[in-house]
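Trainee: After the structure tokens below, expect a handful of questions from me.
Any read-out appearing in this document is the output of simple, stated calculations on the displayed coordinates, not a laboratory observation. Remember, it's a predicted structure, so these values are computed and weren't measured experimentally. Don't worry about glycine lacking a Cβ; one is built from the backbone with ideal geometry, like all the others, and counts go over all protein chains shown.
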Amino acid sequence: MENNHILKDELHRIALFEALDDEQLASILKSSKVISLAARKTLFEKGAPAEHFYLLKSGQVKLYCLSADGDEKVIEIINSSETFAEAIMFMPKYTYPVCAEAIKDSELYSFDMKQFREILENSKETCFRLLATMGRQLHGKITDIDNLTLHNATYRLVVYLLEQLPEGAMALSSIHLGATKSIIASRLSIKPETFSRILLRMNKQGLIEVHGNDITLVDVKGLRELL
């Protein structure tokens, strides 16, 4: 195994692997591989055969698709300790539905989908544990869909900024945007120029201060009142 330094207790804290016992986890780790991906390099293309899912150890990866006009729509931004492409294991067609590209230099761990499915086929108890984990994740995705479809651009951006805060923060809290503004705007279904205008307006209102990718939330209470 190439990644002996991954400890089992580390993976047990990752949602997808919570359902596995130590023996199952050891089996998965034996066939895992380390992948280094330079910034702007593609991991997989939409429609490519899907044989592996991934855990991001460090760096950042975007999942995106292209419109008929060639416009890029960011579906999700993957950060360290997050898995992606695992849902394909449960689809009738084993192909990647989106493209994946490194935003910055990244290190990932690749896991064999076929082996993971075999573990589930051989253990009903593991399947039920995994269903419970996926149910929790689904709840979060439903919230994302609600924010993207039912609320305006300002609402979505304010929600995003507040989600970056440590719990209980009330004022003068600084956050750092982990991706470029254009990528975050795409993830929130906001045009880049609209994204910039909203930041400028909130800055003039005394709610935030913007310094590049560093944003100080001057009036957290006021931001929450916008919601």
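Trainee: If contacts are Cα pairs under 8 angstrom and at least 6 residues apart, what is the relative contact order of the chain in percent?
Mentor: 20 percent
Trainee: Separate question: Rounded if a/c is under 1.5, else prolate if a/b is larger than b/c, else oblate: which is the chain, with a ≥ b ≥ c the root eigenvalues of its Cα gyration tensor?
Mentor: Verdict is prolate for the chain.
Trainee: Among Phe84, Phe128, what is the fewest-to-most ranking by other Cβ atoms within 10 Å?
Mentor: Phe128, Phe84
Trainee: Here is a further query. Between Asn213 and Lys73, what FRET efficiency comes out of the Förster formula 1/(1 + (r/R0)^6) with R0 = 22 Å and r the beta carbon distance, rounded to 0.05?
Mentor: Approximately 0.55, to the nearest 0.05.
Trainee: Can you return the lysines within cross-link range of Lys104? Criterion is Cα-Cα under 21 Å, with same-chain partners fewer than 8 residues away left out.
Mentor: By straight Cα distance, Lys104 reaches Lys33, Lys41, Lys46, Lys57, Lys62, Lys73, Lys181.
Trainee: Ranked highest first by the average count of other Cβ atoms within 10 Å around their residues, in what order do 20-27, 209-216 fall?
Mentor: 20-27, 209-216
Trainee: Relative to the Cα centre, what is the charge dipole magnitude of the chain, using +1 at the beta carbon of each Lys and Arg, -1 at the beta carbon of each Asp and Glu, and rounding to the nearest 20 debye?
Mentor: The calculated dipole for the chain is roughly 620 debye.
Trainee: Can I ask one more? Putting +1 on Lys and Arg Cβ atoms and -1 on Asp and Glu Cβ atoms, find which of Ser189, His211, His176 reaches farthest to the positive end of the dipole of the range 153-226.
Mentor: Checking the options against the dipole of the range 153-226, the answer is Ser189.
Trainee: Projecting each Cα onto the charge dipole of the chain (Lys/Arg +1, Asp/Glu -1 at the beta carbon, about the Cα centre), which of Ser106, Phe90, Ile75 comes out farthest on the positive side?
Mentor: Ile75
Trainee: A follow-up question, please. For a quick check: with amide H placed at 1.01 Å from N, whose amide H comes under 5 Å from Val98's, ignoring anything fewer than 5 positions away on the same chain?
Mentor: For Val98, the qualifying residues are Gly47.
Trainee: Let me ask something else. How far is it, in nm, from the label point at Lys41 to the one at Thr95 when both lie 7 Å from their Cα along the line to the Cβ?
Mentor: Placing both labels 7 Å along Cα→Cβ, they lie 2.6 nm apart.
Trainee: I need the shape label for the range 51-121. Rule: rounded when a/c is under 1.5, else prolate if a/b > b/c, else oblate, with a, b, c from the alpha carbon gyration tensor.
Mentor: oblate
Trainee: Let me ask something else about it. Picking from Pro192, Pro49, Pro166, which is most flexible by a Gaussian network model of the chain using Cα springs under 10 Å?
Mentor: Pro166
Trainee: Can you give the calculated 222 nm mean residue ellipticity of the chain, where each DSSP H run of n ≥ 4 adds -39,500 (n - 2.57) and the sum is split over every residue, rounded to the nearest 500 deg cm²/dmol?
Mentor: Estimated from H runs of four or more residues: -11500 deg cm²/dmol.
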